[in-house]
Amino acid sequence: MALVEVKDVSKRFGGLTAVSDVDLTVNAGEVHCLIGPNGAGKSTLFKLIVGLYPPTKGSIFFDTVDITAERPYARVQRGMSIKMQAPSVFKELPVRQNIQIALQARFSGAERSTEEDRLLTLLNLAQDAGKLAGALSHGQQQWLEIGMALALQPQLLLLDEPTAGMSPEETFKTGELIKSFNAEGMTVLVVEHDMAFVRQVAQRVTVLHLGKIFARGNLEAILQDDKVAEIYLGKTHAH
Amino acid sequence: MSAELFSLFYQFADVFAFLILSAAGLAIVFGMMGVINMAHGEFIMCGAYVTVGLVNLGVPLVIAQILAALTAGLIGVAVEFLIVRRFYKRPLDSLLATWGLSLIVTQSMLLIVGSAVRGIGTPEGSFAIGGYTFSSYRLVLFGCAVAVLAGLYIVFMKTRFGVIARATMQNAAMAKALGARTGRIYAISFGIGTGLAGLCGALYAPTMTLIPTMGATFVVESFVTVVIGGANVLLGTAPAAVFLAVIRMTLNASYGQIIGQIGMLFAVILIIRVLPEGLSSVLVRRGR
Amino acid sequence: MFKLLDGPQTLGRGKIFWSCFFVVLVCALIYPLFADSYDVGNFSYFLIWIFMALGLCLMWGYGGMLSFGQTFFFGVAGYSYGVLAINMGGGTATIAALVLSVVVAMIAAGILGYFMIWGGISGIFFGIVTLSATLVLAFFLGQTAGPEWHIGTARLNGFNGMKGMDPLAVRDFYIEGSALYYVMIALIVVVYIALRMLVNSGIGNVIVATRENPQRAEMLGYDVRKYQLLTFVIGSGLAGLSGALYTSWGQFITPSSIGLPAAAMPIVWVAFSGRSDLTATLVGSFLLLFGFQTITVYSQQTALVLMGALLLATVMLAPQGFVLGIGKLVVDRWPGRRPRDAGPALADAVRLQSDET
């Protein structure tokens with residue numbers, strides 16, 4: 001069953017068409033990776049799904065409801081949860097309060113405290129709970145933000161390059177974390193550069209190139225596609 | 001008929017000149033460095049006082065006005081060096097600092113100079129078209145406003161300084177990396193901004209009563225013009241002034257000054273609801 | 001309930017703080033027994049302005065919205081109180097006039113706030129637009145000298161201002177002198193406690209989150225515009241409360257309490273005190289008002305020059321505010337009395353600030 005449907009969506013900035021006539025379906029329960037070389041339009045498509053930009057053309061459905069005109073907060077209330085590319089946490093607030101702000105819509109009282117502690121432990125941030133979020137390392141901030149996204153217990157988790165700036169171990173742990181949440185039924189859409197990470201988590205892959213869908217299918221099929229290797233994977237292996 | 005048309009143009013020119021002259025300096029400082037200079041009105045006041053002081057000493061009006069603008073510009077460079085320079089990364093703090101400065105200057109002037117100074121009177125000269133009489137000086141002001149716009153266009157589009165300044169506006173870090181001395185660019189731009197404020201005061205000095213708090217008369221107009229114009233001085237300020245002048249002129253003519261000003265403010269509040277980034281954002285988008 | 005009072009958003013926690021709080025409160029309560037009625041009246045006068053400062057602290061320090069329009073809503077409510085009290089007659093109706101005039105200010109804040117916040121205005125422009133509105137209101141009221149400017153039987157009177165309204169009263173008992181003083185103290189305690197609870201609540205969490213990073217807050221499912229509007233309406237409503245109390249206290253109001261330099265005063269109080277904490281704002285504003293009032297007796301201009309110098313000095317030397325800075329020093333140096341979580345957080349806060357400057 002399709003959880004997200006992007007239908008015939010285009011986005012133009014002035015004369016530049018960043019995303020052109022894109023159709024994309026994310027099925028409930030899968031980990032779907034959106035890949036492509038720089039400038040392929042991945043981040044723009046991500047922002048269109050999140051609601052940061054209105055599309056120039058086309059419509060977007062979530063759980064069969066047309067959400068094209070909805071603002072991000074309304075989409076989040078429907079069951080999406082988002083982690084943007086650059087770590088964006090509440091820098092001058094303590095780590096624990098960051099988590100609280102994410103949790104308070106769903107939990108209150110003692111239940112919230114328990115959930116806070118559970119998440120902080122899961123994210124390896126328990127001993128830093130009193131620190132200001134801005135004082136954490138880059139990788140820790142990424143984790144904190146993933147934690148805030150998870151705290152909403154979303155149907156769909158949207159991650160834009162979640163492992164940017166992480167060490168290979170941290171990246172691997174993030175992958176395992178995503179897989180464990182997926183195993184509990186969460187649908188995940190990831191924009192990612194790191195092919196090792198994509199191999200680790202992806203069940204289905206969509207390749208964007210120059211703003212258009214270039215290829216799509218399950219992971220193995222995409223990895224064996226010569227044309228994909230030519231535009232994207234080849235370059236990745238090169239460096 | 002042509003007399004009525006000219007009368008309409010005259011009214012428009014009057015408001016337009018006021019908006020451009022009072023806003024140009026503020027707009028440059030804001031456009032260049034994202035700083036709102038809350039002491040803008042005090043630089044206008046400075047220009048007016050210097051002009052009147054010099055004229056009372058026997059200096060011819062035009063020369064007094066030029067000297068007044070230069071004085072305000074030099075003081076501006078000093079203020080940039082002593083205060084504003086520290087706050088380029090904190091635009092809100094620079095606003096507060098200049099507001100503090102504005103309070104100090106206005107109230108000290110009230111203490112030192114007292115409330116009223118002998119004015120110099122509007123330069124004589126009027127002409128009649130049809131049944132209407134017009135003051136020549138108002139047209140001179142309009143001419144000056146157009147000259148200021150033309151001057152800014154030439155400075156920012158045709159000179160080496162302008163190229164570097166625009167580069168700094170776009171991306172200060174990059175311009176610096178490419179060798180532009182951004183500190184000096186900022187100081188000069190701030191000086192140009194306050195010099196234009198001084199010019200505004202110098203030009204309007206003959207037409208109004210001089211009081212230390214006179215800066216406040218100009219700040220609303222300059223603020224709203226900059227708010228509507230957006231961050232791009234060259235593209236935003238003039239269209240914003242045209243737009244506001246038309247609204248202001250229409251309302252002034254039918255309902256008087258108060259409603260004119262209130263109406264202008266309402267227009268601004270409505271505009272920011274529709275175009276939060278100001279007119280220049282639309283014009284820039286179109287231009288691409 | 002107690003958790004809300006003593007939560008993470010406010011400095012000054014634990015037994016020592018609340019002991020000090022009660023000592024100050026008791027001193028304030030017995031003060032009229034030892035002072036003559038003129039001094040008590042003066043004291044009430046500068047307590048009037050505290051609400052406005054607390055409102056700005058909420059908007060600016062917690063919500064990140066720097067409103068220069070506190071005197072706009074002060075004026076709206078002040079004039080509304082005058083119009084209502086004159087038209088509804090004195091006596092108990094003045095209480096209704098007080099409440100209604102604050103409501104009018106809040107409605108005005110709702111309308112202005114809607115256009116600004118839904119228009120995406122923030123940062124510097126938020127200040128500029130609110131200040132423009134304030135100056136235009138002052139200019140407009142200054143032009144209303146003619147007899148045609150009246151609402152009911154209330155004349156606006158241009159620069160000379162509106163006068164002749166009754167002060168607050170219950171039936172034929174005028175609330176003035178010590179009675180007014182006690183009303184002020186009670187109101188300040190209620191407002192202070194209520195604001196502490198607000199900022200430490202879930203709503204307060206979202207308000208500070210919006211200040212820190214509005215996009216992130218929205219991505220957590222909060223319609224940040226509604227929270228900003230709420231903050232703006234409450235903060236401006238408090239300015240309205242100051243305005244209505246002011247008109248009732250002196251039985252007059254003029255446009256000069258709206259325009260410049262009046263509009264700059266709340267900014268000076270809150271910036272000097274430390275915008276990010278309610279207690280610092282309360283204490284600092286009170287000290288500044290006290291000092292300002294003392295100097296104004298000799299020369300108002302000198303007092304205003306000093307205010308300008310204080311604002312400049314605050315921004316240049318202690319951007320987070322002097323009173324807050326001193327308060328933090330005291331908490332940091334306090335031997336062995338550090339709450340477990342707040343200690344490192346506070347140290348970090350200080351470090352981050354010094355990194356910034």
For C:GLY308, only one of the following conditions fails: (1) more than 8 Å from chain B (Cβ to nearest Cβ); (2) crowded, with 22+ Cβ neighbours inside 10 Å; (3) at pLDDT 90 or above. What is its number? (1)
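Are any residues in the stretch A:99-118 within 9 Å of chain C (Cβ to nearest Cβ) and touching a Leu at 6+ places or on another chain (Cβ under 6 Å), and if so, which ones?
Selection gives A:ALA102 alone.
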For the stretch C:93-105, state whether one or more residues are touching a strand residue (DSSP E or B) at 6+ places or on another chain (Cβ under 6 Å) and either assigned to a helix (DSSP H, G or I) or at the interface with chain B (Cβ under 9 Å from one of its Cβ atoms) (or both). yes
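Any chance you could count how many residues in the stretch C:113-139 are in a loop (DSSP other than H, G, I, E, B) and either under 26 Å from C:PHE159 (Cβ atoms) or aliphatic (A, V, I, L, M) (or both)?
Summing the residues that are in a loop (DSSP other than H, G, I, E, B) and either under 26 Å from C:PHE159 (Cβ atoms) or aliphatic (A, V, I, L, M) (or both) in the stretch C:113-139 gives 1.
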Selection over the stretch A:1-20 where residues are touching a Lys or Arg at 6+ places or on another chain (Cβ under 7 Å), of a type outside the set (A, V, I, L, M) and either under 19 Å from A:VAL205 (Cβ atoms) or surrounded by 14 or more Cβ atoms within 10 Å (Cβ to Cβ) (or both) yields a count of 2
Please verify whether the stretch B:122-131 includes one or more residues that are at pLDDT 90 or above and hydroxyl-bearing (Ser, Thr, Tyr). no
Residue that is modelled with the highest pLDDT, among those in the stretch A:85-97 that are more than 8 Å from chain C (Cβ to nearest Cβ) and touching a helix residue (DSSP H, G or I) at 6+ places or on another chain (Cβ under 7 Å): A:VAL95
Residue match in the stretch A:127-140 (condition: within 14 Å of another protein chain (Cβ to nearest Cβ), touching a Gly at 6+ places or on another chain (Cβ under 8 Å), farther than 23 Å from A:PHE172 by Cα and touching a residue at least 40 places away in the same chain (Cβ under 8 Å)): no
Failed condition for C:GLY110, given (1) crowded, with 21+ Cβ neighbours inside 10 Å; (2) in a helix (DSSP H, G or I): (1)
For the condition in contact with a strand residue (DSSP E or B) (Cβ under 7 Å, 6 or more places away or on another chain) and modelled with pLDDT of 95 or more, what is the one hit in C:ILE253, C:ILE267, C:ILE207? C:ILE253
Name the residue, out of C:ALA264, C:ALA280, that is within 20 Å of the chain's Cα centre (by Cα), facing another protein chain (nearest Cβ under 9 Å) and under 15 Å from C:LEU56 (Cβ atoms). C:ALA264
Kindly provide the set of residues from the stretch B:92-135 that are in contact with a strand residue (DSSP E or B) (Cβ under 7 Å, 6 or more places away or on another chain), within 30 Å of B:LEU8 (Cα to Cα) and in a strand (DSSP E or B), ordered by number. B:SER126, B:PHE127, B:THR133, B:PHE134, B:SER135
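Do the conditions hold for A:ILE82, that is, is it under 16 Å from C:MET219 (Cα atoms), in contact with a helix residue (DSSP H, G or I) (Cβ under 6 Å, 6 or more places away or on another chain), assigned to a helix (DSSP H, G or I) and among the hydrophobic types (A, V, I, L, M, F, W, C)?
So A:ILE82 does not fit the description; no.
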Going residue by residue through the stretch A:102-115, is there one that turns out to be crowded, with 22+ Cβ neighbours inside 10 Å and more than 30 Å from A:ILE213 (Cα to Cα)? yes
Which condition from (1) part of a strand (DSSP E or B); (2) touching a residue at least 40 places away in the same chain (Cβ under 8 Å); (3) closer than 27 Å to A:GLU184 by Cα; (4) not small (Gly, Ala, Ser) is the one that A:THR25 breaks? (2)
Can you pull out the residues in the stretch A:35-79 that are farther than 16 Å from A:GLU192 by Cβ, of a type in the set (Gly, Ala, Ser) and touching a Lys or Arg at 6+ places or on another chain (Cβ under 6 Å)? A:GLY51, A:GLY58, A:SER59
Of all residues in the stretch B:237-274, which are more than 12 Å from every other protein chain (Cβ to nearest Cβ), closer than 27 Å to B:ALA150 by Cα and over 20 Å from the mean Cα position of the chain (by Cα)? B:THR250
Does C:LEU241 meet the test of being at the interface with chain A (Cβ under 9 Å from one of its Cβ atoms) and crowded, with 24+ Cβ neighbours inside 10 Å? no
The residue from A:LEU157, A:LEU177, A:LEU150 that alone is within 14 Å of chain C (Cβ to nearest Cβ), in a helix (DSSP H, G or I), buried (at least 16 other Cβ atoms within 10 Å of the Cβ) and among the aliphatic types (A, V, I, L, M) is A:LEU150
If you check C:ALA169 against the conditions, is it surrounded by fewer than 21 Cβ atoms within 10 Å (Cβ to Cβ), touching a strand residue (DSSP E or B) at 6+ places or on another chain (Cβ under 9 Å) and farther than 14 Å from C:GLY78 by Cα? no
So which residues in the stretch B:86-129 are within 23 Å of B:LEU203 (Cβ to Cβ), surrounded by fewer than 19 Cβ atoms within 10 Å (Cβ to Cβ) and either of a type in the set (Gly, Ala, Ser) or within 8 Å of chain C (Cβ to nearest Cβ) (or both), if there are any at all? B:SER115, B:ALA116, B:GLY119, B:GLY121, B:GLY125, B:SER126
Taking the stretch A:35-53, which residues are of a type outside the set (Ser, Thr, Tyr) and away from chain C (no Cβ under 14 Å)? A:ILE35, A:GLY36, A:PRO37, A:ASN38, A:GLY39, A:ALA40, A:GLY41, A:LYS42, A:LEU45, A:LEU48
Return yes when A:PHE62 is farther than 25 Å from A:MET1 by Cα, at pLDDT 90 or above and either away from chain C (no Cβ under 14 Å) or crowded, with 18+ Cβ neighbours inside 10 Å (or both) and no when it is not. no
With respect to C:ILE253, determine if the residue is out of contact with any Gly (no Cβ under 8 Å at 6 or more places or on another chain), under 28 Å from C:MET184 (Cβ atoms) and buried (at least 24 other Cβ atoms within 10 Å of the Cβ). no
Could you tell me whether C:LEU288 is in a helix (DSSP H, G or I), within 14 Å of chain B (Cβ to nearest Cβ), free of Cβ contacts under 8 Å to residues at least 24 places away in the same chain and in contact with a helix residue (DSSP H, G or I) (Cβ under 6 Å, 6 or more places away or on another chain)? yes
I'd like to check something: does the stretch A:74-81 contain any residue that is hydroxyl-bearing (Ser, Thr, Tyr), touching a residue at least 40 places away in the same chain (Cβ under 8 Å) and within 15 Å of A:ALA151 (Cβ to Cβ)? yes
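Condition first: among the basic types (Lys, Arg), more than 23 Å from C:THR10 (Cα to Cα) and not in a helix (DSSP H, G or I). Can you find one or more residues in the stretch C:140-163 that meet it?
Looking for residues that are among the basic types (Lys, Arg), more than 23 Å from C:THR10 (Cα to Cα) and not in a helix (DSSP H, G or I), one finds at least one in the stretch C:140-163, hence yes.
The values are calculated or read from the model by the stated rules, or taken from the named source; none is laboratory data. Everything quoted here is computed from the prediction, not taken from an experiment. Positions of Cβ are generated from backbone atoms using ideal geometry, with glycine treated the same way; all protein chains shown enter the neighbour counts.
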